[in-house]
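Reviewing the structure listed below.
Rule-based calculations on the coordinates, nothing more; no lab input. Everything numeric here is computed off the predicted structure, so don't read it as measured data. So basically every Cβ, Gly included, is an ideal-geometry build from the backbone, and we count neighbours across all protein chains shown.
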Amino acid sequence: MEEIILFQKLLKLRLTNKKMKTIIIGAGLSGLSTAYYLEKRGNKDYVLLEANPEVGGLCRTFRKNGFVFDFAPHMFFFGNKEITKLVRDLLGDALISEDRKHGILINGRVVPYPFQYNLYHLDEETKKECLAGAIDADKKFNGQTPTNFYEWIKMALGEGIAKHFMLPYNKKCYCVHPKELTLENLGRYIPRFDLKEIIKGANKDMSKAKVGYNYQFGYNKEGGIDFLPKAIARKIINIKLDEKVTKIDIDKKIVFTEKTNYPFENLVSTMPLKKLVGLIDGAPEEIKNAAKKLRCNTICAIILGVNKPKVSEHQVLYVPQEDVLTYRLSFATNYGKNVAPQGMSSICAEWSYLDDKKISDEDLIERIIEDLIKMGFLKDKKEVVFKDVLKLEHAYVLFDFNRNENLKLIRDYLIKNSIYSVGQFGAWEHSSMDDSILHGKKVVENLL
């Protein structure tokens, strides 16, 4: 009997799928986008493999007891005209536009985002300190070039803004000191201002100004960001769910899964780059070591259902306060409908760590609830009617001083072997939802 079973297993391994021109790993936005643009060009010689039973990757939605939580806040930014048109065509009336209502919690006050543009909303002492620091920095560092993120903060914004917001917040978010990060960490996500704008924002209310890349965003009017990946998936025919990749043979150009194997000509991977290298059979030690040096943190999204209709007037609040765990709070009921039962609301509190968690989910939830009571968002623990933790193993990529060298080494090796690593963690970068979709489009252009 055992011999028959063994023979059947061997036979199954030999009955491989036909060789595909393109194998795509991961049905997050970048993987779905790759398949979509292949289909758009009339190329159906591909297969998209997804380890989970549903599409979306990090762009998924968790629903429980009438509450709707995304895997940490996800909002669509209208940064790229072509991608925006695609998303509007796919979603139609389901996509609604919301004006940003984000803030920073400082000394018990909410300062509108971006912080450096809205010093007007600070208490007088803190405002004077931040403004004086910005003016001093402009005189002291004018013309000098910063060499790391920490130096940029001090040179561009001054000691006061660094002290009250930028340093404590970024330490909590990235779990490293900003001096360990390069200037690439700025990207488009941190608004730049000259001194005139900072002074202007200290003397008058500029909270309505349309500043930054995210002053307006799109969301699902019915609640849940998973509507976008699902809409793209409906345009794709060759998706295989529950198909976890276990090994990649570069020499023979075969992707092995728990169920079967797939020969390929080109491989597009959207899985985290470190994980991809770990699956390559016989990858050189130099490449393995380079992958080990790539760093990112992990996020725990503590999700709470609350038995009151409104917890905050804001959509997102940044929390630099060092005596509370969370670095960011979001309130989905302020930008999405049908995301909580009637008369209730929700909170998502994000906490990040590097390497080791060192706290149980139960203790983490307890500490977050205590912090929310201390900050005035909750009266007592009885208001919490639902609680859970969602974990994002790969969250913020660290743009440290080893990243570029190691990234180039890995990319050159992969491309040489017809493997294209794309998406936020495939490319090992920061990216928004529109960026992730654009990744798929660009890789198809390169392939064809």
Practice problem: Name the lysines eligible as straight-distance cross-link partners of Lys293: C-alpha to C-alpha under 24 Å, and not fewer than 8 places from it in the same chain. | Solution: Lys171, Lys172, Lys179, Lys247, Lys274, Lys275, Lys357, Lys358, Lys391, Lys408, Lys416
Exercise. Have a look at the DSSP beta bridges in the chain and tell me what percent are antiparallel, nearest 5.
Key: 70
Quiz prompt | Least to most buried among Leu329, Leu372 (fewest other Cβ within 10 Å first) | solution = Leu372, Leu329
Practice problem: Please list the non-local residues whose amide H lies under 5 Å from the amide H of Ile104, H modeled 1.01 Å from N, same-chain partners needing a gap of 5 or more. | Solution: Val111, Tyr113, Tyr318
Quiz item: For the range 47-56, what does the Karplus curve 6.51 cos²θ - 1.76 cosθ + 1.60, with θ = phi - 60°, yield as ³J(HN,Hα) per residue in whole Hz, taken in order and with x for Gly and Pro?
Solution: 9, 9, 9, 10, 6, 8, x, 9, 7, x
Practice problem: Would you list, by chain and number, the lysines whose Cα falls below 18 Å from the Cα of Lys139, excluding same-chain residues fewer than 8 positions away? | Solution: Lys128, Lys154, Lys196, Lys200
Quiz prompt | Set of aspartates and glutamates near Lys288 by C-alpha distance (under 13 Å), chain-local residues within fewer than 8 positions excluded | solution = none
Practice problem: Would you mind calculating the relative contact order of the chain from Cα pairs under 8 angstrom and at least 6 residues apart, reporting the percent as a whole number? | Solution: 25
Quiz item: One-quarter of the Cα convex hull surface for the range 113-209, in nm²?
Solution: 6.0
Practice problem: Using θ = phi - 60° and the Karplus relation 6.51 cos²θ - 1.76 cosθ + 1.60, list the HN-Hα couplings for the range 294-305 in order, rounded to whole Hz, with x at every Gly or Pro. | Solution: 6, 10, 8, 9, 10, 10, 9, 9, 8, 9, 10, x
Quiz item: Hey, fewest Cβ within 10 Å first, where do Glu98, Glu125 land in order?
Solution: Glu125, Glu98
Quiz item: Measuring from label point to label point, each 7 Å out along Cα→Cβ, what is the Leu183 to Lys64 span in nm?
Solution: 4.5
Quiz item: So how much slack lies between Asn142 and Glu125, counting 0.36 nm per residue of separation and subtracting their Cα-Cα distance, in nm?
Solution: 3.6 nm
Quiz item: With charges set only on the Cβ (+1 for Lys and Arg, -1 for Asp and Glu), what does the dipole of the chain come to about its Cα centre, in debye to the nearest 20?
Solution: 1020
Quiz item: From the phi of every residue in the range 58-67, what ³J(HN,Hα) in whole Hz does the Karplus formula 6.51 cos²θ - 1.76 cosθ + 1.60 yield, where θ is phi - 60° and glycine or proline is x?
Solution: 6, 8, 10, 10, 10, 10, 7, 6, x, 9
Practice problem: Just tell me, in residue order, which DSSP H segments of the chain are both 24 angstrom or longer along the helix axis (alpha-carbon based) and at least -1.0 in mean Kyte-Doolittle hydropathy. | Solution: 124-141
Practice problem: Starting from the amide H of Arg328, placed 1.01 Å from N in the peptide plane, find each other amide H under 5 Å away whose residue is 5 or more places distant or on another chain. | Solution: Val319, Glu350
Quiz prompt | For Asp226, distant residues with modelled amide H under 5 Å away | solution = Thr61
Practice problem: Give the residue from Trp152, Phe425, Leu95 lying farthest towards the positive end of the charge dipole for the chain; charges sit on Cβ (+1 for Lys and Arg, -1 for Asp and Glu) and the dipole is referred to the Cα centre. | Solution: Leu95
Quiz prompt | Mean separation of Cα contacts under 8 Å, 6 or more apart, over the residue count of the range 113-209: relative contact order % | solution = 43
